[in-house]
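A short write-up of the structure that comes next.
The values are calculated or read from the model by the stated rules, or taken from the named source; none is laboratory data. This one's a predicted model, so the numbers in the text were calculated from it and none came from an experiment. Cβ coordinates were reconstructed from backbone atoms using ideal geometry, including for glycine residues, and neighbour counts include every protein chain displayed. For accessibility, only protein heavy atoms count, side chains too; no ligands or nucleic acids. Shrake-Rupley method; radii C 1.70, N 1.55, O 1.52, S 1.80 Å.
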Amino acid sequence: MSKSYVNLLDLASGNFPTMEGKRRRFPRVNTAPGNLSDLDDDQARSVSSDQPSSIASDRMIIVANQLPVKAKRREDNKGWSFSWNEDALLLHLKDGLPEDMEVLYVGSLKVSVDPKEQDDVSQVLLDKFRCVPTFLPPDILSKFYDGFCKRHLWPLFHYMLPFSADQGGRFDRSLWEAYISANKLFFQKVVELINPDEDYVWIHDYHLMVLPTFLRRRFNRVRMGFFLHSPFPSSEIYSTLTVREEILKALLNSDVIGFHTFDYARHFLTCCSRMLGLAYQSKRGYLGLEFYGRTIRIKIMPVGIHMDWIESVMKVADEESKMRELKQKFQGKTMLLGVDDTDIFKGINLKLLAMEQMLKQHPSWQGKAVLVQILNPARGKGIDFEEILAEIQESCRRINEQFGRPGYGYEPIILIDRAVSINERICYYNIAECVVVTAVRDGMNLTPYEYVVCRQGITGSKSCSNFDGPKKSMLVVSEFIGCSPSLSGAIRINPWNVETTGEAMNVAISMLDSEKELRHEKHYRYVSTHDVAYWSRSFLQDMQRACADHFKRRCWGIGFGFGFRVVALDPNFRKLSLDAITSAYRGAQTRAILLDYDGTVMPQNSTDKAPSQKVISIMNTLCMDPKNTVFIVTGRGRESLSKWFSPCQRLGIAAEHGYFLRWSQNQEWEICRQGFEFGWMKIVEPVMQLYTESTDGSSIETKESALVWQYRDADPGFGSSQAKEMLDHLESVLANEPVAVKRGQFIVEVKPQEVSKGHVAEKIFSSMAENGKHADFVLCIGDDRSDEDMFEIFDNAMLRSILSPNPSVFACTVGQKPSKATYYLDDTTEVINMLECLSEAFDSLPPVEEGYESSP
């Protein structure tokens, strides 16, 4: 079979095949534990050790689509010359990292390098720039970057749905396969460098969103962060992506996931909730997602600019003649400035129309106000590029014809359709009275930050009068860009409303200088303290916090393809071994077996909730042993339980979390607390009814001792919000009532205080002890939060001597998840198989030595 991803059969089976062609292996700076031959085989097991490596210094491996390096062919056409790309944000983030931290870059080059030269180019870049280039074959590059990235992800992340071929087209699986292949090539380059126990890996942007799965699959404990530089769309938009779950699960293999704004993070969390059923929590100031025992941190931190570099460029620009030339050209004019990439989301034409509107509504600015619009070249083969450029040029021509004054050399709009150097751009910043950003959707946009710093100026500058006296600047920015929330002194606009945008531009340039100065001071204080070094330092600190306990927990990988994830659990938490529990069972004289019902002996997704004949048979067999005391401990009502388990004469039942207790079928029901008043139900029921009427898909379950509001079939986001509101509401109105209000998985429950599975378990053990039966074997199994109350009581029970001095206690949860239990079984099938083994055990057999099954 071909090693390409033509039909994703390899991917679906969990096999990530090596790309065709021979790979050259770079010398490692640090090597990963294990054999290099193992690392070349993607089916090799994960490389990780139980203890950190002895290498002292940490390193940062920065992985991005493009290296922060410029490549130029030599004039003699023999080889290449390289230099740092000072415009690249990733180059400057190292300023926020510790001085002794080595930084390496993995990415591609903007130029095409002949395969015969690739080895030499790679060696030069590694030796002189600490860069490892990823060379993508032309067919993969085209489908990966211009295809999947630019025609699927980029439009979708900027809220454009593929309604037609002109707007990105329908999902093309061959482009997705190329995206996977490209990410695999980046992964192979990281593997050549990484020391997984010591290095940090920081992945950047939407080009590499599935890379975390490749890395986590190979190195379970790798310290890895991901930062998205583009917007993340709302769940309604993102859910249209065919591979939505694959990408979400891949990102969740990171330890930290970063976004520019809370809106972007909120959209991501909502997608995780709606599509993966994950809930997030705020923990001591940060947002965390629990995913199979791992806590993924959600980082919200807008990126900044490189202050030192901008100021150094300003010094050079101040000496150039361009500054004086522009001052003379725009003398007596009020300049508004726009600096944008040429793409459909920058709203450039909306800006021109707003300028036209301002000139119409405020004729006094005709002949005085000038909008200089710099069009940076498009970064890739974007959608509708030709049409957008033609539209901009047509609007510019029409507005200049209407408001221009050729005899006076006045044109209200000056279009600069070429690449503008940073030095020239700074000259325009210095002269502009206001910068206008009308993007309809943008990840961050650092133009306003650069403008504010340039208007602040530098000490001792000569050419720009703005540097003399008070500093001032004005910003008109779209509310749909990432930097908008950070610039509280800017005039925020809806770029789609041309009239209000034009009025905002008028207000900005008409404002009193004193007000401009105050706003500028506020912006400069923020921009200068939240630069790129601050951003990278903060992100590294979050990575360190998120990865602090990597070597304190037991980790293993499960799942295939992009369903792969790492389970991280407490070292003492392990799978329940049939040999171990059977041995203890046979050797015990007094046994207590407490079983939850739903999710433990009955699958949660089962429509018919009555127990199977097999379960009835197992219960009967266990109960027939005189050494056993067997209980079903559940939140279900006693009526249904009595009916279902009527064939089990000696089975004990604790219904409604133990409010009702019956030791066997021929005994009466005991009530947890006699004389309990239920007048509180008349308070609770109207409140729950109110929320039920306003929450489609919710319902009320009335029990004898409790009321439960369920919202499993409601909208996840709205149901969760309503549950939180109801919890606060009920706690307020029931403050003086002897009840507990608890929130569980898709429920809010109100029940009497001191009613829990933990209390009923203690009652069962105490009653056994009073009758001279101190249990020396305890099996307690459950699957949800209410069962955790049972798991945590065993230490106290032992201290109170209601169990035997050295009991064999098997507190077991169902599913591999964080729990107060010591053991786990994977599902209800394993639970029933284990109970069946116990029911078949014979006391006459000698006990086997106790042992534990190793984790997967």
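Let me know the volume per residue of the alpha-carbon convex hull for segment 721-771, in Å³. Write down the numbers at each step before the final one.
Working: hull volume 3.5 nm³, N = 51.
Cα-based convex hull of segment 721-771, divided per residue, equals 68 Å³.
Between Gln604 and Gln366, what is 0.36 nm times their sequence separation minus the Cα-Cα distance? Round to one decimal in nm. Present the calculation step by step, with values, prior to reporting the outcome.
Numbers: separation 238, 0.36 × 238 = 85.68 nm, distance 7.14 nm.
Full-extension gain reported as 78.5 nm.
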Heavy-atom accessible area per residue - the chain, 1.4 Å, Å²: 43
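In the structure displayed, which of Lys70/Lys110; Lys143/Lys184; Lys552/Lys817; Lys128/Lys184; Lys703/Lys742; Lys184/Lys249 lie more than 18 Å apart, Cα to Cα?
Lys128/Lys184
Tell me the carbon and sulfur percent of the accessible area for segment 662-761, rounded to whole percent, probe radius 1.4 Å.
Numbers: 2440 of 5370 Å².
Using a 1.4 Å probe with all protein chains present, segment 662-761 comes out at 45 percent carbon and sulfur.
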Alpha carbon centroid spacing (whole Å) that separates segment 554-621 from segment 210-244: 32
Estimated vicinal HN-Hα couplings, Hz - segment 440-447 in sequence order (Karplus 6.51, -1.76, 1.60; Gly, Pro = x): 7, 5, 8, x, 10, 6, 8, 4
Spacing of the two label points (7 Å from each Cα toward its C-beta) at Phe676 and Arg379, in nm: 6.0
Ile203 long-range amide H proximity, modeled H, under 5 Å: Val63, Gly225, Phe226, Phe227
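Please give the calculated 222 nm ellipticity per residue for the chain, where each DSSP H segment of at least 4 residues contributes -39500 (n - 2.57) and the sum is spread over every residue; nearest 500 deg cm²/dmol?
Values: 29 runs with 308 residues, N = 856.
Computed ellipticity for the chain at 222 nm equals -11000 deg cm²/dmol.
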Solution diffusion estimate, µm²/s, Stokes-Einstein, segment 274-379, Kirkwood Rh from C-alpha pairs, 25 °C, viscosity 0.890 mPa s: 128
Relative contact order for segment 265-394, counting Cα pairs under 8 Å that sit 6 or more residues apart, in percent: 20
Cut-off under 5 Å, modelled amide H: who pairs with Ile413 long-range: Leu371
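Expressed in nm², what is the orientationally averaged projection area of the convex hull enclosing the Cα positions of the chain? All intermediate terms of the calculation are to be shown ahead of the outcome.
Values: hull surface 177.3 nm².
If you wrap the Cα atoms of the chain in a convex hull and average its projections, you get 44.3 nm².
Could you work out the relative contact order of the chain, using alpha carbon pairs under 8 angstrom and six or more residues apart, expressed as a whole percent? Walk me through the intermediate numbers first.
Details: 1579 pairs, mean separation 90.7, N = 856.
Value for the chain: 11 percent.
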Calculated from backbone phi, Karplus (6.51, -1.76, 1.60) coupling profile of segment 760-773 in Hz, x at Gly/Pro: 5, 5, 4, 5, 5, 5, 5, 4, 4, 5, 4, 8, x, 10
Backbone HN-Hα couplings from phi across segment 692-705 [Karplus 6.51/-1.76/1.60, Hz, Gly and Pro as x]: 5, 5, 9, 10, 4, x, 9, 7, 10, 10, 9, 9, 5, 10
Placed amide H near Thr629: partners under 5 Å, 5+ positions off or other chain: Arg591, Ala592, Ile593
Reachable lysines from Lys773, criterion Cα separation under 21 angstrom, eight or more residues apart if same chain: Lys627, Lys757, Lys763
In degrees, nearest ten, helix 716-733 long axis to first principal axis of the chain (Cα): 60
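Starting from the coordinates of the alpha-carbon atoms of segment 614-692, obtain the Kirkwood hydrodynamic radius over all distinct pairs and give the value in Å to one decimal. Show your work: numbers first, answer last.
Details: mean 1/r = 0.0701 Å⁻¹.
After inverting the pairwise mean of 1/r, the radius is 14.3 Å.
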Calculated Rg and Dmax of segment 368-429 using C-alpha coordinates, Å: 13.6, 40
